[in-house]
Amino acid sequence: MTFDRRRLLQALTAIPVVGGVIAILSPLFRYLKPNDKPWQIFTVAPDAPAGGAQIVGTTRSLAKPWDYFYFTYVQKFVQYDPTGFKASNIPGVAIRLPRKVRFANSQGFVGYRGETDIVLFQRICPHLGCIFNYEPDWHNVTAGYGGFTPPAFERHALMACPCHFSIYDPEYPADPGNVISGPAPRGARYFEFHIDGENIVVTGAELGGIARIEPADAAPPARGGEHTRAPS
Amino acid sequence: MEAVLSNLKEWLRDRKEHLDLFDETKTARQDNPLYIVGGLVWLSWMIVIVSGVILMLWYIPTTTAAYRSIEHITLDIPFGWLVRGMHKYGADMLITCITLRIYRMYFAGEYKKPGELSWMILFASLVLAMISGITGYLLIWNQRAFWAAKVVLTVPTYYDEIPVLGNLGLGRAIAFIFLGGPAVGQAAITRFYAIHFGISAVFAILAEIFFYRTRRRRLNLSPLAIGLVLGFLAFVSFDRLTEMGRWANPNRTPLPILSDWYFLALYQLVKYMPPLWAGIAPALLIGYGMLVPFMDRTRETRPLERPFFFVVGLLALFYFIVFTALIMLNIAVISRDPPIILGVTFVVLALAFVWEIAHRRRKAQRAAQPAPRAVPARPAPAPRPAQAG
Ligand code: FES
């Protein structure tokens, strides 16, 4: 009997102790991880950044098949610190394909309603987050990215990542942008967009991947002039 | 339960007594150069700490100023190039010496009783040194550093894709905590700076406690040797001015892009594996390193008397060199290479296993026969031959 009473008392005292621990841990966790909400210790849901509609270019610059341009889409991530959010850039590439495709991938993300020959990919590599390049000539892929030779039907412009040589085919049948070589577990991520007259308007981006980019950090150095800008 | 605990305590007490962190108990064997690497580990570590603290006087840990502040240190400040060179090349030397010492202890079987704890600490120190390396070179804020940080901290996000466990959000949390945000930015520099300094600060204090308790000498090298090391590092700093690389450009990954030399082999490995494995494989390697004293249970220390573990060590050395060479040559045909590598590994390990079994059987037979006195098969508990190192 006494034993049970002791147990009960122990349980009762445990409640404020546990509560106190949570109260202490919660701000500590936000100290470490500023995207946690107050009183939230752990989250599984990924941050849902907000971007909104942004005009990234015009169809005029994509006149011929395999024409392309690079662009940047800016998103905001929620942060529970005094500024409230953090901006980050997603570099992207817009490509004119030689034929119309359904711009939807095997992960179920639909980038464009209906058929399109203009496709927009995020250039953040789905492998480990480097920025991959659009290579208009597949020979450059073979020469520069570890020696991969594409099969005959894929000898056209490709996208290739300098870090671990994942190669993506923008025109991959039924899954444009899918990975055709290298360690990436999936194809290039999409932008969601529509075409408004001449303007290409991005309205969203497929989630996933971390370690995007903060706009403020891309400042060029003064000395030496070694800094190279992205080709486009 | 009690018995297990007291056994463990006894084990710990005994291993602690035999702790040897910088070869300070092996001074009698310094005629073999492989037995001064321990002292060199301590020496280069101290060089790195001292030069690092001096660099802190001038370094500015922000994304916009870091690069220029280091340029300023290297080019404008009197002897700044020397301090930075000592820091960088001292760190290279530190990692080289830890690696050499690991291989020595491995092939000479020094991780066996009573050296288990020393070995585990040494192995952990390699991991910590590599973490210091990666956190340290982000501070320059150049292309190489930026992309290394980004790649390394994207690896943990794949922990959320372990099939059975499901998404616990843990991997993402790890990445987020290290980066301090969704990107490699200012928060990441600040955190990396703290980690970079913190590791050495904490462990330097622990090492001091160790020396204080054991009353051993910190540095068992002759003044001449110390002078030679310092002179050599100073000369290298002068002759090969530490590189700046290019200012980090988050919109462009350069082609080709390499990491620091001690990550190259791992980097090549990451190209060959699915990314989840790239996160698990290093953990397995570390696990193997930490647990090998408990897997290799024979008393034998000579490499040829324990063929399997000898071959595993050789294979590790071989892959380290081959992968490094491959990445420097920019070769990685991902559809062709992995089966070859897996095949070679499997065959070699299988052969090593057969060798081990055959060797044990032969030994058992030899032990069973009453050996003729005049010709002993092997001088039984011989003192360790010098070439064992
Ligand atoms: S980050 Fe692009 S292949 Fe690894």
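The values are calculated or read from the model by the stated rules, or taken from the named source; none is laboratory data. Everything quoted here is computed from the prediction, not taken from an experiment. Note: ideal-geometry Cβ built from the backbone for every residue, glycine included; neighbour counts use all protein chains shown. SASA here: full protein model, heavy atoms, side chains in, ligands and nucleic acids out. Shrake-Rupley method; radii C 1.70, N 1.55, O 1.52, S 1.80 Å.
Couple of notes before you dig in:
- Cut-off 15 Å between beta-carbons: net charge of the residues surrounding A:Val201, Lys and Arg +1, Asp and Glu -1: -1
- When the listed pairs B:Lys16/B:Lys271; B:Lys88/B:Lys150; A:Lys64/B:Lys271; A:Lys76/B:Lys88; A:Lys76/B:Lys150; A:Lys33/B:Lys88 are checked against a 29 Å cut-off, the alpha-carbon distance exceeds it for B:Lys16/B:Lys271; A:Lys64/B:Lys271; A:Lys76/B:Lys88; A:Lys33/B:Lys88.
- Two-site label geometry, B:Ala65 and B:Phe346: point separation in nm, points 7 Å out along Cα→Cβ: 5.7 nm
- Largest-first ellipsoid semi-axes for chain B, taking √(5λ) over the Cα gyration tensor eigenvalues, angstrom: 39, 28, 21
- Residue-count net charge about B:Ile131 - beta-carbon cut-off 15 Å; Lys, Arg +1, Asp, Glu -1: 0
- Counting only protein heavy atoms and a probe of 1.4 Å, the accessible surface of the stretch A:54-205 is 52% carbon and sulfur.
- At least 20 Å along the helix axis (C-alpha) and Kyte average at least -1.0, DSSP helices within chain B: B:37-56, B:80-107, B:116-138, B:186-214, B:223-239, B:275-295, B:307-328, B:337-368
- Between B:Asn330 and B:Val127, the distance separating the two model label sites (each 7 Å from Cα on the Cα→Cβ line) works out to 3.5 nm.
- Entry comment: accessible area of chain B is 51 Å² per residue, from protein heavy atoms only and a probe of 1.4 Å.
- Theoretical FRET efficiency, 1/(1+(r/R0)^6), r = Cβ-Cβ of A:Phe153 and A:Gln10, R0 60 Å, to 0.05: 0.25
- Cα gyration tensor shape of the stretch B:70-167, rounded if a/c is under 1.5, else prolate or oblate by comparing a/b with b/c: oblate
- Cα extents of the stretch B:216-298 along the three principal axes, largest first (Å): 51, 50, 17
- Under 14 Å from a label point set 7 Å out along the Cα-to-Cβ vector of B:Phe320, the amide N atoms of the stretch B:98-120 belong to B:98-108.
- Minimum 10 Å² accessible area buried by the other protein chains, the stretch B:185-206 residues, probe 1.4 Å, relative to alone: B:Gly185, B:Gln186, B:Ala187, B:Arg191
- Charge sum, other residues only, whose C-beta stays under 15 Å from B:Leu55's C-beta, Lys/Arg counted +1 and Asp/Glu -1: +1
- Length-normalised contact order for chain B - Cα pairs under 8 Å, 6+ apart - percent: 20 percent
- Rounded, prolate or oblate (a/c below 1.5 giving rounded, otherwise prolate when a/b exceeds b/c) for the protein assembly as shown by Cα gyration tensor: prolate
- For the stretch B:152-306, convex hull of alpha carbons as volume per residue, Å³: 252 Å³
- Accessible surface area normalised per residue over the stretch A:54-205 is 37 Å², counting heavy atoms of protein chains with a 1.4 Å rolling probe.
- Here is the interface size for B with A: some 4800 Å² of accessible area buried, both sides summed, with a 1.4 Å probe.
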